[in-house]
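The values are calculated or read from the model by the stated rules, or taken from the named source; none is laboratory data. What you are looking at is a predicted structure, and each value in this text was computed from that prediction instead of being measured. Neighbour counts run over all protein chains shown; Cβ positions are idealised from the backbone, glycine included. For accessibility, only protein heavy atoms count, side chains too; no ligands or nucleic acids. Shrake-Rupley method; radii C 1.70, N 1.55, O 1.52, S 1.80 Å.
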Amino acid sequence: MSKKDKDKKKSKLYFKKSSDKFPKESGRYFNRELSWLKFNDRLFAEAVSDKTPLLEKITFLGIVSDNIDEYFKVRIPAYQNGATPSEDEFSESVGSKTQIEMIYPRAIILLHQVAVYFTNEIVPLLENEGIHILKFSDCTEDEKSNLFDEIKKEKFSIVRSDRFRNINHDEYLQGFALLVYTDKERAVIPVQEIIDDKGRFLAVKDREDSFVLIEDVLRKFVPSLFPDETVYSVMPIRVTRDSDLDLKGDDADDLVNAIIDAKAALPKKYPSRLEVLRNMPFAHTANLAEAMSLQHDLVFNIHSPLGLADLKKFPVSRDELKFEKFTPAIPEGLDKNIFENIKKHDRFMFTPYQSFDGLVNFLNAAADDDDVSEIQMTLYRLGAKSPVVEALIRAAKNKKKVTAVVELKASFDEERNFMWAQKLVDAGVDVIAGVAGLKVHAKCCLVTRKDGKYATLSTGNYNAGTAKIYTDFSIFTADKDICDDLTDLFKMISAGETSADFRKLIVSPKYMTDAVISKIEREADIQKKSGNGHIILKVNSITDKRIINALYEASSAGVKIELAVRGICMLRPQVAGLSENITVLSVVGRFLEHARIFYFENNGEPEIFIGSPDMMTRNLNKRIEIICPILDKDIKKIVADEILAECINDKFGGYVLTAGGIYLSPEGVEGDIGSQAKFVKEFGE
């Protein structure tokens, strides 16, 4: 038996032995779903933290609520439809038989905490600042009349009789509704469209910064819809439905039709959650759940108010109650003479600390430059307004050949992406709807000029809105190998293939997992020879077991491994004999940590990569993703010494993950301001 085979055998035996410290039900991996819920626990911790300004607290509460809404629209329906987790994913809930049994108590506790904190803490704090959330009964008669005037224009659909008794597929019942009991019968009135139109917070006329929740107004208005009946009660409810689109189109036309058909079908999909107020009578809740064919585990009794995702759109903005403003700097070399500057040496953009205008300037320069003949770009989530699309349209009007790979299958953004795709097509842009069976999640752009090719690759979506709140990193380069790789990538996508070979880029689904594991194993070999093995990974999530197992083996070999994982982390750190050399830190702050950076010490000659993928199986095997090397020595030094060093040592905003699955709160060293605040000072104006 070769030494390599012996080492493999020894490694497997070693893992088996180490797992004795964690019984089968504990496992080598944290549960994916519970890890995700713990991320939302950390977001809630930011909301209640004394260091978070009042209006930012409200935003955090809205984000937590919105995250859980999305979870019940996508993940929960997957389990309802028969998806089964592997045995070791039940690691933190001994005795649970289903994922729903594990998730339910934690999710309902978190939702309850959000509602209670908003009602008991936030509302009084707002009062102290002269911002009032009033009850309808607190308003004067004139104010009530004005509020009713806002509602009278709306049309209401009343669901009752036989239709009520089987409303699990009712096309109207999603989001907010009102459950009504009269002396004749019960009814449901869907009101989500009204809330979408009017907003959740109705301003009280002639009272500054005073609002009434719209469902409170609707409850008082609804009896007028039943003039010949006695209305006993009107109670708000909220329904979440399966919203995951099943898109199987192979080309643009198929995908467009699939999106239209799937969107039309969404309201008729089964409910995945029912939220009711805690004081709603049990009989009413039971009758409603039965009519919706909803199992009791998915009925949530919530402290008022329901649906706090709407806090993300809280209608008050005061600078003194928010994080301190700053002006992002234009990235060096991306303000003018852009192609000349990039040709001298690579450039970078670190948003939101540096301005997204750096990328917009790059695209505008390409659109207006007579020496530019072609622009090729991938587009994923574009937002409601897009200077990126505007630049591409102008380039097409300026007779450039423009190709846009628009990923129509971006969850919850399908319709918006379709709209942008149509605008691009109308402007003469060649639009490609991705590759059959895969999402194109890579973020890249290639510009062909008379003097050569220029490229930019990013960790984030080319979205001007989210660029203000997501931390992302972009490289701008004229490196021939990288540009030739992107040329081959766009040819591959155009042909609907995944088989191209690349020079410097690492591209999924064919190469990425093996390439990352190879670099991890190289650090283990270096550690055995010189003791200098070191890995730093900054990602949103890590769930792929092949990657996790490779990191376990490297840790067992003595490699120092530092992970900055914002969200889901199935890797269990700090276990003797398994992962004792691995630390995991989760930074949660005013900005969403979105940049993916991969550092391998390489025996004193560090390799640093940025990219679009997380270390998740879906990214590695089911998407087209890119990991790009940073070649410029100065940029590498900035990333290693200034960015990664701060991210993995953030004592102010970083939560430390323990072997037992607990995230320890930040230590909060006196005088420390955290990595994000330091980046504002270092990279902003």
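Separation of the range 599-663 from the range 544-560 is 15 Å, based on Cα centroids. When the pairs K385/K423; K313/K538; K73/K220; K651/K681 are compared against a 23 Å limit on Cα-Cα distance, K313/K538; K73/K220 fall above it. For the range 123-247, the gyration tensor built on C-alpha atoms gives an oblate shape. Its axis ratio a/c (a ≥ b ≥ c) is at least 1.5, and a/b is not larger than b/c.
How much of the accessible area of the range 487-633, in percent, comes from carbon and sulfur atoms when a 1.4 Å probe is used? Each step should come with its number before you reach the end.
On the way: 2120 of 4890 Å².
Ligands and nucleic acids excluded, carbon and sulfur reach 43 percent.
Counting every C-alpha pair in the chain, the share spaced more than 38 angstrom apart comes to 41%.
What number comes out for accessible area per residue over the chain if the probe is 1.4 Å? Units Å², please. Present the calculation step by step, with values, prior to reporting the outcome.
Details: 29650 Å² over 685 residues.
With the other protein chains kept in place, the chain gives 43 Å² per residue.
Shape class of the range 348-500 from the Cα gyration tensor (axes a ≥ b ≥ c, square roots of the eigenvalues): rounded, since a/c falls below 1.5.
Rounded to the nearest 10 degrees, the angle from helix 32-48 to the longest Cα principal axis of the chain is 70 degrees. Mind pulling the angle between the C-alpha long axis of helix 512-530 and the longest principal axis of the chain? Nearest 10 degrees, somewhere in 0 to 90. Around 50 degrees separate the two axes. Spin-label model, E390 to S233: label points 7 Å out along the Cα-to-beta-carbon direction sit 5.2 nm apart.
Calculate the dipole size of the range 164-215 relative to its Cα centre from +1 charges on Lys and Arg beta carbons and -1 charges on Asp and Glu beta carbons; express the result in debye to the nearest 20. Before the final figure, lay out each step's value.
Values: 7 positive and 11 negative charges, 39 e Å.
Roughly 180 debye for the range 164-215.
Could you check what % of the DSSP bridge pairs in the chain are antiparallel, to the nearest 5? Given both bridge residues lie in the chain, the antiparallel proportion sits at roughly 65 percent.
In the range 362-519, a dipole from Cβ-located charges (positive for Lys and Arg, negative for Asp and Glu) runs towards its positive end, and of T459, P509, V405 it is T459 whose Cα lies farthest in that direction.
Can you tell me the alpha carbon radius of gyration of the range 512-618 divided by the globular rule-of-thumb value 2.2 N^0.38 Å?
On the way: Rg = 13.0 Å, N = 107, 2.2 N^0.38 = 13.0 Å.
This ratio for the range 512-618 stands at 1.00.
Expected output is a single nm value to one decimal: the length gained when fully extending between D514 and S317, i.e. 0.36 nm times separation in residues minus the C-alpha distance. What is it?
66.1 nm
Considering only beta bridges that DSSP places wholly inside the range 559-685, some 75 percent are antiparallel. Kirkwood radius and radius of gyration were both taken over the C-alpha atoms of the range 412-510, and their ratio Rg/Rh is 0.96. For the chain, the residue among V191, C569, S518 whose Cα projects farthest onto the positive side of the dipole built from Cβ charges is S518.
Starting with the highest mean, order 335-343, 372-380 by the number of other Cβ atoms within 10 Å, averaged over the residues of each peptide.
372-380, 335-343
On the basis of the beta-carbon distance and an R0 of 51 Å, F156 and S665 show a calculated FRET efficiency of 0.60. Given their separation in residues at 0.36 nm each and the Cα-Cα distance between them, L125 and S304 gain 62.7 nm when the chain is fully extended. Each peptide in 180-188, 484-492 was scored by the mean count of other Cβ atoms within 10 Å over its residues; highest first, the order is 484-492, 180-188.
When a 1.4 Å probe is rolled over the protein heavy atoms, the share of accessible surface on the range 276-330 that falls to carbon and sulfur comes to 49 percent. A simple spin-label model places pseudo-atoms 7 Å from Cα toward Cβ; at E580 and N279 they are separated by 5.7 nm.
Principal-axis analysis of the Cα atoms of the chain puts helix 282-291 at an angle of about 60° to the longest axis. Solvent-accessible area of the range 359-477 (1.4 angstrom probe, protein heavy atoms only): carbon and sulfur portion equals 48 percent. A protection proxy built from the mean count of other Cβ atoms within 10 Å ranks the segments 272-283, 563-574, 133-144, most packed first, as 563-574, 272-283, 133-144.
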